[in-house]
Amino acid sequence: MSQWACVSAANLSCQASIINTQKLRNTPRCDAFSFKGSEFMAQSCRFLSPQAIYGRPRNGACPLKVVCVDYPRPDLDNTANFLEAAYFSSTFRASPRPAKPLKVVIAGAGLAGLATAKYLADAGHKPILLEARDVLGGKVAAWKDKDGDWYETGLHILFGAYPNIQNLFGELGIDDRLQWKEHSMIFAMPNKPGEFSRFDFPEVLPAPLNGIWAILKNNEMLTWPEKIKFAIGLLPAILGGQAYVEAQDGLSVKDWMRKQGIPDRVTTEVFIAMSKALNFINPDELSMQCILIALNRFLQEKHGSKMAFLDGSPPERLCAPIVDHIQSLGGEVRINSRIQKIELNKDGTVKSFVLNNGSMIEADAYVFATPVDILKLLLPDNWKEIPYFKKLEKLIGVPVINVHIWFDRKLKNTYDHLLFSRSPLLSVYADMSVTCKEYYNPNQSMLELVFAPAEEWISCSDSEIIDATLKELAKLFPDEIAADQSKAKILKYHVVKTPRSVYKTVPDCEPCRPLQRSPLEGFYLAGDYTKQKYLASMEGAVLSGKLCAQAIVQDYELLVARGQTRLAEASVR
């Protein structure tokens, strides 16, 4: 498929600014922090070698000009899902300009909060986005260490089947920041250490034929009888459509496979890896609805499963342009603004957000765009028995660990792509020194790996996690990596723990997911756990933000009238 590749040069600029706090981007971070035990923890990094490991400028210097091979942006613009998302975005820009813009306070500057603020600003309103930490991005946050190297909350892949994110990149004029990879899915072979099995999607075939061809051509992971039984098992999902998919929420992947008569080896060979990649848990826990939604997107859209890496760190390359856009339209973004309490009026509606410094922020509307676990920590007592909020009890964030290891040499047994490890401890990984322009290094590799399932490991020390990771890497790179470091040496590492990441998509969770508009006037939710069709993903977070902004715009007259009533009551007092 190399005939589809093109050569591109990346001259990454270090001139970008964010919230007028450039120093935040270049401040080395090597600490630990948490949000009441419920947010993200960037664990300490241990330096195993004092020498500089990259031959590129650091600490504020512009990165090296890099030439690498990318694949062209796929033809997404004329697909039905892309056009639907584009129309949705246009409704905010085309909506009548409000006579009195709403002041909307949004808690949480992850992708859901950023999207909510962005589309409210597009509609002519004045969002104030509050982030508890000193870094934007939430689950896509990243930090620089003292060498100027980035380490991230997760290994983030942007799919062609993400129409709202793809539109967002276009609206911000940053499509060129996506590094598209060849249309393949690549799995390690545990029974053949050091070898890989590929599912290659031919460009000349439309969907779903390209996906069917990719599956049929791969004879290393599944036998022909297994492929046939799997295909027959999938027929109800293909014929039943969305209604059938939603009805499978009550079954785990493992239970559904057995119910359909699909051999357990199909689950072991393929769906353990897919389950961990989608939700960081194994098939005996994951709802089959999650798998079927992913398969539907990947197989029904020609470029749905095509993957792109961001060309640098998410806070700089994605979040900063969103912030610039919000601020250019009169909105605000404030970091280090942690919410301590939701202050209520006598009628149970929100009066203000109280911050940790004691200050209060009042607004026409209030949005919580934090992870669901943080929302539950801050729910007022008299809200907890309201069915809308009580159902949130079942939605619990799943633990996940992201590991970064810098080696003293260039590893050969890797690809310029995302790789499914099929390891019992690791989910997916990539050599970021190859896949990402800003992290590029011609002489040494930096592996970024998702350690999952992580529930039993989240309380372990960094060294224990690294030791376990090395043992698994020795199986993936038998000629290059040894558990005792007798081969490739570790120069340094970072371990980033997220005790509560995306909500755990176990069976029967779907009825618990809330709509963005709450039953309390003026209070809204955004986040990938809220009701939208892309489940726990970056696309789901962005779509939830758009849906939240839409609900607020639709409630404009109600919110304005509510504000006038409050003013009248205050004047009487």
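The values are calculated or read from the model by the stated rules, or taken from the named source; none is laboratory data. Everything quoted here is computed from the prediction, not taken from an experiment. So basically every Cβ, Gly included, is an ideal-geometry build from the backbone, and we count neighbours across all protein chains shown. Side chains are part of the model used for accessible areas, which takes the heavy atoms of the whole protein and leaves out ligands, DNA and RNA. Shrake-Rupley method; radii C 1.70, N 1.55, O 1.52, S 1.80 Å.
Observations, loosely collected:
- Accessible area, probe 1.4 Å, largest first, for residues W224, W406: W224, W406
- Applying a threshold of 21 Å to the alpha-carbon distances of K217/K276; K144/K437; K254/K306; K306/K533; K139/K504 flags K217/K276; K254/K306 as lying beyond it.
- For Cα extents along the principal axes in Å, calculated from these coordinates, the label among (1) 79, 58, 43; (2) 99, 59, 40; (3) 114, 61, 37: (1)
- Only one residue of A541, H417, F368 has its Cα farthest out toward the positive end of the dipole of the chain, where Lys and Arg carry +1 and Asp and Glu -1 on Cβ, and that residue is F368.
- Probe 1.4 Å, protein heavy atoms only - accessible area per residue of the chain in square angstrom: 39 Å²
- Gain on full stretching of the segment that runs from D381 to K346 - 0.36 nm per residue minus C-alpha separation: 11.2 nm
- Hypothetical label at R93: residues of the range 525-553 whose amide nitrogen lies under 17 Å (7 Å Cα-Cβ projection): 546, 550
- The gain in end-to-end length when the R562 to L83 segment is fully stretched comes to 168.9 nm, 0.36 nm per residue minus the alpha carbon separation.
- Whether the range 477-573 is rounded, prolate or oblate, judged on the alpha carbon gyration tensor where a/c under 1.5 counts as rounded: prolate
- Gain on full stretching of the segment that runs from L515 to S459 - 0.36 nm per residue minus C-alpha separation: 16.8 nm
- Taking the 1.4 Å solvent-accessible surface of the range 203-305 as the whole, the part contributed by carbon and sulfur is 63%.
- Against the criterion of solvent-accessible heavy-atom surface with a 1.4 angstrom probe, D75, D364, D324 sort, most first, into D75, D324, D364.
- Rounded Å value of the spacing that divides the Cα centres of the range 512-544 and the range 317-342: 19 Å
- Violating pairs (Cα-Cα greater than 26 angstrom) within the set K227/K412; K229/K531; K192/K471; K229/K394: K227/K412; K229/K531; K229/K394
- Modelled this way, with points 7 Å down the Cα-to-C-beta line, the labels at W224 and S486 are 4.5 nm from one another.
- The spacing between the range 149-212 and the range 220-252, judged by their C-alpha centroids, is 22 Å.
- Relative contact order for the chain, counting Cα pairs under 8 Å that sit 6 or more residues apart, in percent: 21 percent
- Where K103, K412 fall by accessible area, highest first, once all protein chains stay in place (1.4 Å): K412, K103
- Comparing F230, F298, L278 along the charge dipole axis of the range 203-305, the residue lying farthest to the positive side is F230, per the Cβ-charge model.
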